[in-house]
Amino acid sequence: MTDRIVLAGASGFIGRYLASAFRADGADVRTVGRLGADAVWGYTESIRRLLDGADLVVNLAGKSVDCRYNPRNRAELLRSRVATTTELASAISACDVPPPVWINASTATIYRHAEDRPMTEDGGELGEGFSVGIATAWERAFFGPPLPGTRRVALRMSIVLGDGSALRPLLALTRLGLGGTQHDGRWPATRARLAAGTYHRFRARDGRQRFSWIHLADVLGIVRFVREHPEIEGPINATAPSPSDNRTLMRTLRRIVGIPIGIPLRRWMLELGAMVIRTETELILKSRWVVPERLQEAGYRFRFAELEPALRDIVASRRR
């Protein structure tokens, strides 16, 4: 029998990759989204019909965090995650034959800035501020409603490496000779950013902010693994088992692209650059030290467990 997989938020680079892989497996892939999807957000009954009898639901919907955290974007970052997850829960609760497994995107940013020890599912400490608030609201919307017929797993994903990811601007900087260490430092705080929880406080020195990551191929591998292991429920850290740091990341990129020189970038340079390209320095200055304890205990074997082979694979695929 052909699997029926419903994929929400399929327009991003992760969603496109998963949809292509599922279809190559022979699955009947249906989508929930905006224009061009099989069911459109806001039409809960059409989403229910799509989900009724489905074998798997994967939800990746959410506005990209690669933006300025102004009031409008903050509202949309929250709405695009919580409202879509809530609507899926409502649709599933109304199904005659609810899907047995629902895998929802989450984020490893839910943990605090960590330089002292790695964050695990059981021993990790949640952080504070705007991004953490988004993550916790997202998971509440996912796990809150009673859905006794559906097993739920939240993927707390670290930075996903692939063609089209956050790696693209880092490669561009490296090729321009600007691929040095990205240093944290002091930067004035405004009342508005402090009140909104979007101000990044200076902590990590000398590019030692930890860099947790995962290869796109392992996101697919984890989705398949979770589906096949009914004992896995709740949040899991979807991160590679060998986190790096910013200094090592940039040095590795320079070696791969053959650029020996990389000018270091100080906090003030990063802040000004972020304003120009409309993003936030938190994305590169927060120390994310997250490890996949539950996945490893369950026996998942990473296709890309080390950073350099993962980066080389992605750079080679871009060249092809």
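The values are calculated or read from the model by the stated rules, or taken from the named source; none is laboratory data. What you see is a predicted model, and the numbers here were worked out from it, not measured in a lab. A quick note on method: Cβ atoms are made from the backbone with ideal geometry, for glycine too, and the neighbour counts reach across all protein chains shown.
Points worth noting:
- Summed over the stretch 223-273, the residues that are among the β-branched types (V, I, T) and closer than 30 Å to A8 by Cβ give a count of 5.
- Residue among A19, A54 that alone is crowded, with 16+ Cβ neighbours inside 10 Å, aliphatic (A, V, I, L, M), touching a strand residue (DSSP E or B) at 6+ places or on another chain (Cβ under 7 Å) and in a loop (DSSP other than H, G, I, E, B): A54
- Conditions (1) touching a Lys or Arg at 6+ places or on another chain (Cβ under 9 Å); (2) surrounded by 14 or more Cβ atoms within 10 Å (Cβ to Cβ): number failed by L295: (1)
- Applying the condition of being aliphatic (A, V, I, L, M) and surrounded by 14 or more Cβ atoms within 10 Å (Cβ to Cβ) to the stretch 168-182 and asking which residue is nearest to the chain's Cα centre (by Cα) yields L170.
- Among the criteria (1) closer than 23 Å to I314 by Cα; (2) touching a residue at least 12 places away in the same chain (Cβ under 8 Å), the one R168 does not fulfil is (2).
- Reported count of residues in the stretch 225-243, each being touching a Ser or Thr at 6+ places or on another chain (Cβ under 8 Å) and among the hydrophobic types (A, V, I, L, M, F, W, C), is 2.
- Among the residues making up the stretch 278-320, those that are within 28 Å of I232 (Cα to Cα), in contact (Cβ under 8 Å) with a residue 60 or more places away in the chain and not in a loop (DSSP other than H, G, I, E, B) are V290, E293, R294, L295, A298, L307, A310.
- Hits in the stretch 64-85 - residues which are exposed (fewer than 15 other Cβ atoms within 10 Å of the Cβ) and either of a type in the set (K, R) or within 15 Å of the chain's Cα centre (by Cα) (or both): S64, D66, R68, R72, R79
- In the stretch 117-138, the residues that are under 21 Å from A75 (Cβ atoms) reach residues that are surrounded by 11 or more Cβ atoms within 10 Å (Cβ to Cβ) and of a type in the set (F, W, Y) with C-beta atoms within less than 7 angstrom, at least six apart or across chains, in these pairs: G127/Y111; F130/Y69.
- Residues of the stretch 183-232 that are more than 23 Å from the chain's Cα centre (by Cα) and among the aromatic types (F, W, Y): W187, F202.
- Listed by first and then second residue, the pairs linking a residue in the stretch 88-99 that is more than 16 Å from G42 (Cβ to Cβ) to a residue that is at pLDDT 95 or above and in a helix (DSSP H, G or I), with Cβ atoms under 8 Å apart and 6 or more places separating them unless they lie on different chains, are I92/R48; I92/L51; C95/R48; C95/L51; P98/L51; P98/I92; P99/L51; P99/I92.
- Across the stretch 31-51, the qualifying residues are those that are charged (D, E, K, R) and part of a loop (DSSP other than H, G, I, E, B), and the one among them that is nearest to I14 (Cα to Cα) is R34.
- Residue in the stretch 147-158 that is buried (at least 17 other Cβ atoms within 10 Å of the Cβ) and closer than 19 Å to T281 by Cβ present: yes
- Test: residue in the stretch 115-129 that is over 18 Å from the mean Cα position of the chain (by Cα), surrounded by fewer than 20 Cβ atoms within 10 Å (Cβ to Cβ) and part of a helix (DSSP H, G or I): no
- D163 of a type in the set (D, E), more than 17 Å from I284 (Cβ to Cβ), part of a loop (DSSP other than H, G, I, E, B) and within 18 Å of the chain's Cα centre (by Cα): yes
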